[in-house]
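The values are calculated or read from the model by the stated rules, or taken from the named source; none is laboratory data. What you are looking at is a predicted structure, and each value in this text was computed from that prediction instead of being measured. Cβ placement follows ideal geometry from the backbone for every residue including glycine, while neighbour counts extend to all protein chains displayed.
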Amino acid sequence: MRTRVAVFLATLLSALVCVLGVGAGVAHAEGESIFGFLKNPKGGENVPVPGATVTVKGPGGFSETATTDADGRWTVETNTAGNFTVTLDQDSLPKGVTLRNPDADSLKVPIAEGQDKPVLFALGKSTRVIQSKWSQAAQLSAEGLRFGLIIALAAVGLSLIFGTTGLTNFAHGELVTVGAVIGWWLGSGNLPLFLPDFGGMNFVLAIALTLVLMGLIGWANDAGLWRPLRRRGTGLIAAMIVSIGLGILLRYLLLYLFGGQTRSYPATRGQKGVELGPITLSPIDYISMGIAVVVLMAVAFALLRTRLGKATRAVADNPALASASGIDVDAVIRIVWIAGAMLAGLAGVLLGIAQGISFQTGFQILLLIFAAVTLGGLGTAFGALVGSLVVGLFITVSTLVIPAELKNVGALGILILILLVRPQGILGRAQRVG
Amino acid sequence: MNFERIIVNALEAGVGVETVVFALAAIGLNVHFGYTGLLNFGQSAFLAMAAYGVGTTVATFDLPLWLGVVFGLTASVVLALLLGIPTLRLRADYLAIVTIAAAEIVRLVFRSVTFEGTFGGSDGRQSFAGDFYAINPYPVGDYGVGSFGFNERALWVLTVGWALVALSCLIVFLLMRSPWGRVVKAIREDEDAVRSLGKNVYSYKLQSLVIGGVLGCLGGFILALARSSIQPDIFGTETTFFAYTVLILGGAARVASPVVGAMIFWVVLSLTDNILGEAVGAGYIPSSVLTASQVGQIRFMLVGLALMLLMIFRPQGIFGDRREIALDAR
């Protein structure tokens, strides 16, 4: 996205330079005037067009003609403010040089007091670089994959928490934000409140420390709040509303501590894009995707091949039966919370790298995480992974056909559709959800 | 510390527009959640439908206000049906996710640049309440005692608003005493038992959704007409969460408790805002801890904390009955 904007801005700038020159350098001390440069883009160069005629008509019968000089520049001193009409005589253009839009040879130009106004006549073919739909699709798919992998990190945690405890954790978005924010505090050295500022630490070290802190936060969540509620026998709907309250509390606490503006990590600013075929992403984007893939594979390996992973899957499937077969359900849940919080924190850091950190970062993707988890099957980690990739790809690739501001609408629409057609999600077990 | 101002502001908040709006929204939510056990987290979409129904009809299409009211009501009914038909067979937590998603879709569409011509984009719509204030019977002036009072426009809005609140409470009271109300309360307790008695549970839930939606959307009308200005971001998820806090505070499944909950909610928020604001202004709280612009954030933190504490320690709220709350089912 950033690089597409950069390409467009660069070509717009060069198109302006073609016909205007850097008009800022020309400043008359007094008297109003209208001026311009006529330059034809040819062979990558902007060739000045001499000898072309420009006529300026204005109030009070003002009419003057100017001819472009060897540099392609023309000037008409109007010496009054008012509304003028500037017309380019197309016949006076040399052979082979044409107005880009032949109907736009006459422009209305208002002049204010003391103003020297440059006027733009675009010549020659448009030099805007328009990507083909295919390369756009490839670029969007790459970005969608990156986004999907980041959501997957958060979604796996959410899905496992739901599977093992039945809690729909509406505060999961805030776990993502907390990870991003802690990463920023450590990386930049600006600690909140009364804590002393320090110079900031190495970014990799900051991320590692962030993950450790997130693990602690996950442990605190379970030990301090959710396990006591489970012990009390609080119903799941009540627990869900508690998580909504916790989410609101954390979000505005973060607003208070972090402030309202969007910031970026110091280590990741201003990176040049690296091209891989039609796809251009910055090096840190490739690294983020790599980290996400490695971590997800580690989680998958842990779930499939280790005893703890097997115990987790058992508890997610049927806690009572797992407990009856000797598994310590509380310990498993504690570990799921720690791991889930760490994964969410990592997702927050990667998201912060991709699109900046604000107190709303997590909340904005919360619904997308829910869509991903529901799409894949609530309660299964692999379903969360599949669902996240689908949601991530759908969101970005859909901008080819629907306006970018409505891309979340598409994802949410898919969520509702899936619940109609296959409520258990792609990988969920076919059980009644209502 | 200007205590007179603090108290007067709190009293005005207790009977003011915000209280009316949230009381109406919570009354609708009471029908959904308190009496039927439906976890509708999209209530703000109903308010948005009503507000934009009025705003768009008058400001974009230049039609009379009463037509806007009709459109708003119709749009709410349609939204309730659209929301209900696919989702009412889903479990509570799925229903919550889907209704939040639907409300977000509504807000994003109203906010979009694509439909900016009709809905006004992120600026929304303004200046559409002329007809409403034209029939204001109160002569120009301030009405009140000392510093507590409202001008004639605010008084008119409040009169209409509180009349609607009283009407809604009456409707809910009559409904819930009727056989329909008994079936709906039974659905909240045990859906399968009701189904086994031969009642069409799905149809009752849909009716409850429509009625609660229409009652809630009245709040949207008052909100739009009071400020004569609507923006899409007013109708985000925060509004729904506030309405839930109001409902749970007052006590679900009681006729008048959403109203009491709304009054207490806004009095407390007003007191907090004003006391903190005055304390910061007078220097009692150093600006390194809290600046004037951060006072508003405390309000949200309080709401989140209140919601948590309520659900953990007193889910039936102030007036509710512990046995009647639909929170123990999965």
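Candidates are the residues of segment A:211-269 that are under 22 Å from the mean Cα position of the chain (by Cα) and among the hydrophobic types (A, V, I, L, M, F, W, C); the one that is modelled with the lowest pLDDT is A:ALA267.
Give the number of residues within segment A:247-264 that are at the interface with another protein chain (Cβ under 9 Å from one of its Cβ atoms), among the hydrophobic types (A, V, I, L, M, F, W, C) and touching a residue at least 40 places away in the same chain (Cβ under 8 Å). Residues in segment A:247-264 being at the interface with another protein chain (Cβ under 9 Å from one of its Cβ atoms), among the hydrophobic types (A, V, I, L, M, F, W, C) and touching a residue at least 40 places away in the same chain (Cβ under 8 Å): 2 in total.
Scanning segment B:259-272 for residues that are small (Gly, Ala, Ser) and surrounded by 24 or more Cβ atoms within 10 Å (Cβ to Cβ) gives B:GLY261, B:ALA262. For segment B:218-258, the set of residues classified as away from every other protein chain (no Cβ under 14 Å), surrounded by 24 or more Cβ atoms within 10 Å (Cβ to Cβ) and in a helix (DSSP H, G or I) consists of B:LEU218, B:GLY219, B:GLY220, B:PHE221, B:ILE222, B:LEU223, B:ALA224, B:LEU225, B:PHE235, B:GLY250, B:SER257, B:PRO258, listed by residue number.
Take segment B:271-330 and flag every residue that is more than 7 Å from chain A (Cβ to nearest Cβ), out of contact with any Lys or Arg (no Cβ under 9 Å at 6 or more places or on another chain) and polar (S, T, N, Q). Correct list: B:SER287, B:SER288, B:THR291, B:SER293.
In segment B:38-48, is there at least one residue being facing another protein chain (nearest Cβ under 8 Å), in contact (Cβ under 8 Å) with a residue 12 or more places away in the chain and within 21 Å of B:GLU238 (Cα to Cα)? There is at least one residue in segment B:38-48 that is facing another protein chain (nearest Cβ under 8 Å), in contact (Cβ under 8 Å) with a residue 12 or more places away in the chain and within 21 Å of B:GLU238 (Cα to Cα). Taken over segment B:81-120, the criterion of being of a type in the set (D, E, K, R) and either closer than 20 Å to A:ILE241 by Cα or free of Cβ contacts under 8 Å to residues at least 24 places away in the same chain (or both) is satisfied by B:ARG91, B:ASP93, B:GLU104, B:GLU116.
Within segment A:281-288, identify whether any single residue is within 11 Å of chain B (Cβ to nearest Cβ) and hydrophobic (A, V, I, L, M, F, W, C), and answer yes or no. First the steps, then the outcome.
In the first step, residues of segment A:281-288 are kept if they are within 11 Å of chain B (Cβ to nearest Cβ); the result is none.
No, segment A:281-288 contains no residue that is within 11 Å of chain B (Cβ to nearest Cβ) and hydrophobic (A, V, I, L, M, F, W, C).
Results for (1) in a loop (DSSP other than H, G, I, E, B); (2) surrounded by 19 or more Cβ atoms within 10 Å (Cβ to Cβ); (3) within 14 Å of chain B (Cβ to nearest Cβ); (4) among the β-branched types (Val, Ile, Thr), shown as yes or no for each residue.
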{"site": "A:ASN169", "(1), (2), (3), (4)": "yes, yes, yes, no"}
{"site": "A:GLY183", "(1), (2), (3), (4)": "no, yes, no, no"}
{"site": "A:GLY187", "(1), (2), (3), (4)": "no, yes, no, no"}
{"site": "A:MET214", "(1), (2), (3), (4)": "no, yes, no, no"}
{"site": "A:TRP219", "(1), (2), (3), (4)": "no, no, no, no"}
{"site": "A:ARG227", "(1), (2), (3), (4)": "no, no, yes, no"}
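Scanning segment A:332-353 for residues that are of a type outside the set (Lys, Arg), touching an Asp or Glu at 6+ places or on another chain (Cβ under 7 Å) and within 13 Å of A:LEU216 (Cβ to Cβ) turns up just one, A:TRP337. Evaluate the following for B:VAL268: is it in a helix (DSSP H, G or I), away from chain A (no Cβ under 11 Å), of a type outside the set (Gly, Ala, Ser) and closer than 27 Å to A:LEU225 by Cα? So B:VAL268 fits the description; yes. Here A:ARG305 meets each of (1) closer than 25 Å to A:VAL156 by Cα; (2) within 14 Å of another protein chain (Cβ to nearest Cβ); (3) surrounded by fewer than 16 Cβ atoms within 10 Å (Cβ to Cβ) with one exception, condition (2).
Counting only residues that are over 26 Å from the mean Cα position of the chain (by Cα), give me the helices (runs of 4 or more DSSP H) lying completely in segment A:297-403 with at least 3 of them. Please lay out each step first, then the result.
Working: elements: A:307-317, A:319-324, A:329-355, A:361-376, A:381-397.
Result: A:307-317, A:319-324, A:329-355.
For the structure I just gave you, tell me whether A:ALA324 is hydrophobic (A, V, I, L, M, F, W, C), surrounded by fewer than 18 Cβ atoms within 10 Å (Cβ to Cβ) and modelled with pLDDT of 90 or more. Explain how you work it out, then say what you get.
Working: hydrophobic (A, V, I, L, M, F, W, C): yes; surrounded by fewer than 18 Cβ atoms within 10 Å (Cβ to Cβ): yes; modelled with pLDDT of 90 or more: yes.
Spelling it out, A:ALA324 is indeed hydrophobic (A, V, I, L, M, F, W, C), surrounded by fewer than 18 Cβ atoms within 10 Å (Cβ to Cβ) and modelled with pLDDT of 90 or more.
Pairing each residue of segment A:183-195 that is at positive phi and touching a residue at least 60 places away in the same chain (Cβ under 8 Å) with any residue that is surrounded by fewer than 20 Cβ atoms within 10 Å (Cβ to Cβ) and not in a loop (DSSP other than H, G, I, E, B), provided the two are 6+ apart or on different chains, yields C-beta distances under 9 Å for A:LEU193/A:LEU257. Within the option set B:ALA186, B:ALA193, B:ALA154, being closer than 30 Å to B:GLY261 by Cα and free of Cβ contacts under 8 Å to residues at least 60 places away in the same chain holds for one residue only, B:ALA186.
Here is a yes/no grid of residues against (1) farther than 30 Å from B:ARG323 by Cβ; (2) of a type outside the set (Val, Ile, Thr); (3) out of contact with any Pro (no Cβ under 9 Å at 6 or more places or on another chain):
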{"residue": "A:PHE162", "(1), (2), (3)": "no, yes, yes"}
{"residue": "A:PHE170", "(1), (2), (3)": "no, yes, yes"}
{"residue": "A:GLY179", "(1), (2), (3)": "yes, yes, yes"}
{"residue": "A:LEU195", "(1), (2), (3)": "yes, yes, yes"}
{"residue": "A:ALA220", "(1), (2), (3)": "yes, yes, yes"}
{"residue": "A:ALA223", "(1), (2), (3)": "yes, yes, yes"}
{"residue": "A:PRO228", "(1), (2), (3)": "no, yes, yes"}
{"residue": "A:ILE237", "(1), (2), (3)": "no, no, yes"}
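Could you check how many residues of segment A:230-246 are facing chain B (nearest Cβ under 7 Å) and closer than 18 Å to A:LEU158 by Cα? Residues in segment A:230-246 being facing chain B (nearest Cβ under 7 Å) and closer than 18 Å to A:LEU158 by Cα: 9 in total.
Which residue, of B:GLY84, B:GLY55, B:GLY42, is in contact with a strand residue (DSSP E or B) (Cβ under 6 Å, 6 or more places away or on another chain) and closer than 21 Å to B:ARG107 by Cβ?
Numbers: B:GLY84 fails: in contact with a strand residue (DSSP E or B) (Cβ under 6 Å, 6 or more places away or on another chain); B:GLY42 fails: in contact with a strand residue (DSSP E or B) (Cβ under 6 Å, 6 or more places away or on another chain).
Exactly one residue qualifies, and that residue is B:GLY55.
Considering segment B:92-179, the qualifying helices (runs of 4 or more DSSP H), each wholly inside and each with 2 or more residues that are surrounded by 15 or more Cβ atoms within 10 Å (Cβ to Cβ), at negative phi and facing another protein chain (nearest Cβ under 10 Å), run over B:92-111.
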